[in-house]
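One structure below.
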Amino acid sequence: MSILQQIKDQVSADIEAVLEKSKKKPVTDDKRSHETKHLDKQMKMWKETVKKQQELEQYFYNEWQDAEKMLAKRKEQHEVAEQAHATELMERATVEMNGYGELAREYKESYDEQRERVNKLEEKGRALYFLKKKMERMKLTDFARAEESKAEENASKWTYYVEENGDLHEQEEKDEGDTESRPILDFDKEIEKLAEKHEKA
């Protein structure tokens, strides 16, 4: 096997190794991998928290709306009792109007506060998302730089080899020229020669 062929086989093997490695997830920096895993954990916890806060926001909203509906209903009942001069019913409707009015105001305040809280959490979540994308970019950039360094190092080795041993194509031609050509054996002619020798004997 010529030197050039040996080099070609080695280069092919190196390329196959790189392609095989590229199929795997490019993780070269343990620190960045640890940070990414930690961030993933934080994002999972954040999503669970946001979900609970959103459910609480919806609860406050529903209670506020229910209190508003009951307040409107008691107002209508108060008007009916007033028209009928039903003093006792009017007093009862007034008490419930005050109660539902207070509930409506309190639940609205809780809802507004909760909505602001959820908005802030969602904003933090978007920041975490972009941070994660940035960390992934940094990790892949580190991987690309490491692979570039390896490739340059390998290229330097081949360049040094060529400088020390001459052009690879010239070396291959030299190797081919040094190879002695072997005569091709003609089976039929050899049999005829043996037969002639046998007849003469």
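The values are calculated or read from the model by the stated rules, or taken from the named source; none is laboratory data. What you see is a predicted model, and the numbers here were worked out from it, not measured in a lab. All Cβ positions, even for glycine, are placed from backbone atoms using ideal geometry, and neighbour counts span all protein chains on display. Each accessible area value is taken on the protein alone, full model and side chains, heavy atoms only, with ligands, DNA and RNA left out. Shrake-Rupley method; radii C 1.70, N 1.55, O 1.52, S 1.80 Å.
Quick test of your reading of the structure: Ala93 fulfils all but one of (1) at pLDDT below 95; (2) open to solvent by 90 Å² or more (accessible area, probe 1.4 Å); (3) assigned to a helix (DSSP H, G or I). Name the failing condition by number.
Of the numbered conditions (1) at pLDDT below 95; (2) open to solvent by 90 Å² or more (accessible area, probe 1.4 Å); (3) assigned to a helix (DSSP H, G or I), the odd one out for Ala93 is (2).
For the list (1) modelled with pLDDT of 85 or more; (2) more than 17 Å from Phe60 (Cβ to Cβ); (3) surrounded by 14 or more Cβ atoms within 10 Å (Cβ to Cβ), I need the number of the one condition that Asp142 fails.
(1)
Name the residue that is farthest from Met70 (Cα to Cα), counting only residues in the range 96-114 that are surrounded by fewer than 16 Cβ atoms within 10 Å (Cβ to Cβ) and under 41 Å from the mean Cα position of the chain (by Cα).
So the residue we want is Glu113.
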